[in-house]
Amino acid sequence: MASPHTAIDRRALITGRLLKPDRVIAPPGGEIASILVQARSDRLVEVEASIVALAGCEIYGRDPKGKLVVVVDAPDSGALGTMLNTIALLPDVYTASLVFHAIDAA
């Protein structure tokens, strides 16, 4: 004999109302990401210095044509998004694109 199935409301599933907040556990580590930055090539040194001055940022790669690969270590995804926006709004930065993101489980 088959057991009865509980109907799942599609709207509740899509909006996340089926999840219980106490069941979602944040990872103990942090977030790590790579950001590709395109900046003015004649101001690359200044842009690089501004990025390195930000907490949790380091330059992994550099192309003299105006490209930087930035590695960011942040405590959570909100801080990571804020850092991405901060880098994108720096003077002489054309674009800042997230190219890799992972959760660093401790």
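The values are calculated or read from the model by the stated rules, or taken from the named source; none is laboratory data. Since this is a predicted model, take the numbers as computed values, not measurements. Counting neighbours? That spans all protein chains shown, and the Cβs are built from the backbone with ideal geometry, glycine included. When the accessible area is computed, the model is the full protein with side chains, heavy atoms only, and any ligands, DNA or RNA have been set aside. Shrake-Rupley method; radii C 1.70, N 1.55, O 1.52, S 1.80 Å.
Data overview
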read-out: Whichever residue in the range 42-76 is of a type in the set (D, E, K, R) and assigned to a helix (DSSP H, G or I) and, among such residues, is most open to solvent (accessible area, probe 1.4 Å); value: D42
read-out: Exclusive hit being small (G, A, S) and either on the phi > 0 side of the Ramachandran plot or assigned to a helix (DSSP H, G or I) (or both), set A102, A96, A79; value: A79
read-out: Evaluation of V45 against (1) touching a Phe, Trp or Tyr at 6+ places or on another chain (Cβ under 6 Å); (2) over 23 Å from G29 (Cα atoms) (one fails), failing number; value: (1)
read-out: S34 being surrounded by 14 or more Cβ atoms within 10 Å (Cβ to Cβ), free of Cβ contacts under 8 Å to residues at least 60 places away in the same chain and of a type in the set (G, A, S); value: no
read-out: Qualifying residue in the range 33-42 (condition: within 16 Å of the chain's Cα centre (by Cα) and at pLDDT below 95); value: yes
